[in-house]
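Notes follow once the structure below has been shown.
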Amino acid sequence: MLLSLVFALLLLNPGLLYANRTATAHYVIYHNRPLDPALLPRVEQARALVQRSNWFDPALRLNICLNDGSRYPGLVEKLQGPAFAWGFYRNVVLSGAANPMPNYLLLNGYRWNLVQLLAHEATHCYQVRRLGFWHSNPVAHYPPWKWEGYAEYVARRGPNYPPLRQQIQQLTQAEQATPHEWGITLADSTSTSREYVNYLILTTYCLDVKKMTYQQLLADTTSEQTIQRQMASWYQQEESSALVN
């Protein structure tokens, strides 16, 4: 029990395992090495993305925890498993090496858009803030496509992101060309997992086409398979309309 309490204390207080702390108006950034000044505008760009979400809470001041020598990211990985980053409580924790100027995080040879990754993990913090610990994942067991899909929906929606029909086309073409590949390369030369692209597509369909709120989506009991069939029917209609026009 004592070990569990110590583990929880460290997990919820990352500053105990970092040498440096840099505070901004909206964030506290924990780091061991000197902070790259290019990170600060990236963090604010991520905030601009999550502000579009109805679940954004300006009162929640997040911790950004870098993987630059601290043992803290390794501690989080032991609890939550491997990932590019994690978002929980009020902590956004990076697993790979952040490269703020070119705007990517590098892990296992893959590049993930850094701004969008920060926004994705921040969204998880806002989900927990709104729903509470016991009604959030992993405790609440919401389907991963709803939980992760909404974080992707918040992080990736922008003027340069393709519309839903084009997203479906890109994923379909990638799966046909290289069916066993883990990821998909995006327009900015970063990657994301095909699983997350599918989560994003399903969530976008429910929120933008079916006009559901996110709270309604979480409460909806329609199976993922049924949603997939509904979306496929919608996509076929869109493709037919595009050919006619």
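The values are calculated or read from the model by the stated rules, or taken from the named source; none is laboratory data. Not measured: the values here are computed from a predicted model. Cβ: placed from backbone, ideal geometry, glycine included. Neighbour counts: every protein chain shown. The accessibility values were calculated without ligands, DNA or RNA, using every heavy atom of the protein model including side chains. Shrake-Rupley method; radii C 1.70, N 1.55, O 1.52, S 1.80 Å.
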Quick calc: nm separation of the 7 Å Cα→Cβ label points for Ala242 and Asn32 -> 4.8
SASA check, His141, accessible area w/ 1.4 Å probe, all protein chains in place, rounded to nearest 10 Å², comes out at 150
Contact order relative to length for region 1-243, counting C-alpha pairs under 8 Å separated by 6 or more residues, stands in percent at 14
Given a 1.4 Å probe, the accessible area of the chain per residue, as a whole number of Å², is 53
Under a 1.4 Å probe, counting only protein heavy atoms, Asp208 has an accessible area in Å², nearest 10, of 50
Taking Rh as the Kirkwood radius computed over alpha-carbon pairs of the chain and applying Stokes-Einstein at 37 °C with viscosity 0.692 mPa s, one gets a diffusion coefficient in µm² s⁻¹ of 172
Once all protein chains are kept in place, Glu224 shows an accessible area at probe 1.4 Å, nearest 10 Å², of 60
Expressed as a percent, the accessible surface of the chain that is carbon or sulfur, using a 1.4 Å probe and the full set of protein chains, is 54
Here the averaged projected area of region 110-206, based on the convex hull of its alpha-carbon atoms and given in nm², is 6.6
Subtracting the Cα-Cα distance of Asn13 and Asp57 from 0.36 nm times their residue separation yields 13.8 nm
Per the helix-only model, the chain has a calculated mean residue ellipticity at 222 nm (DSSP H runs of ≥4, -39500 (n - 2.57) each, divided over all residues, rounded to the nearest 500) of -15000 deg cm²/dmol
